[in-house]
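One structure is given below, encoded as structure tokens.
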Amino acid sequence: MKIIRNNLLPVGRQYAAINLFGMLLIKHGVRVTPELINHERIHSAQMRELLYLPFYIAYLAEWKFRNRIRLEQLHHQRTKQCR
């Protein structure tokens, strides 16, 4: 697994690393631990099993779902504070 440090990907504060087609993109300043490597190797195995495209479709769908829930929670908190 090739490890690349950069500032562009992954997007978002809550993400430290992302595995794109077996390349591990890690934000600068994030410690590479054996647990992180193992976690991303599991994703690599899942990608191969699903022949890549279905994995990324499921990954994107889950990300959009979680992001929508987070936005709804934030909206609910803000409207609650305005009352």
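The values are calculated or read from the model by the stated rules, or taken from the named source; none is laboratory data. Here the structure is a predicted model, which is why all the values come from computation and not from measurement. Heads up, the Cβs are rebuilt from the backbone with ideal geometry, glycines too, and the neighbour counts pull from every protein chain shown. Protein only, heavy atoms only, side chains kept; ligands, DNA and RNA dropped before computing areas. Shrake-Rupley method; radii C 1.70, N 1.55, O 1.52, S 1.80 Å.
Condition check for Pro34 on (1) open to solvent by 90 Å² or more (accessible area, probe 1.4 Å); (2) touching a Gly at 6+ places or on another chain (Cβ under 6 Å): one failure, at (2).
Here's the yes/no breakdown for (1) assigned to a loop (DSSP other than H, G, I, E, B); (2) open to solvent by 100 Å² or more (accessible area, probe 1.4 Å); (3) touching a residue at least 40 places away in the same chain (Cβ under 8 Å):
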site	(1), (2), (3)
Leu9	yes, no, no
Ile26	no, no, no
Gly29	yes, no, no
Asn38	no, no, no
Ala45	no, no, no
Arg66	no, yes, no
Gln81	no, yes, no
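When region 14-25 is filtered for residues that are closer than 24 Å to Arg70 by Cβ and in contact with a helix residue (DSSP H, G or I) (Cβ under 8 Å, 6 or more places away or on another chain), the ones remaining, listed by number, are Ala16, Ala17, Asn19. Filtering region 47-64 down to residues that are within 15 Å of the chain's Cα centre (by Cα) and of a type in the set (A, V, I, L, M), which residue is surrounded by the most Cβ atoms within 10 Å (Cβ to Cβ)? Checked region 47-64; the qualifying residue surrounded by the most Cβ atoms within 10 Å (Cβ to Cβ) is Met47.
Looking across region 11-24, the residues that are open to solvent by 70 Å² or more (accessible area, probe 1.4 Å) and hydrophobic (A, V, I, L, M, F, W, C) come down to Val11, Phe21, Met23.
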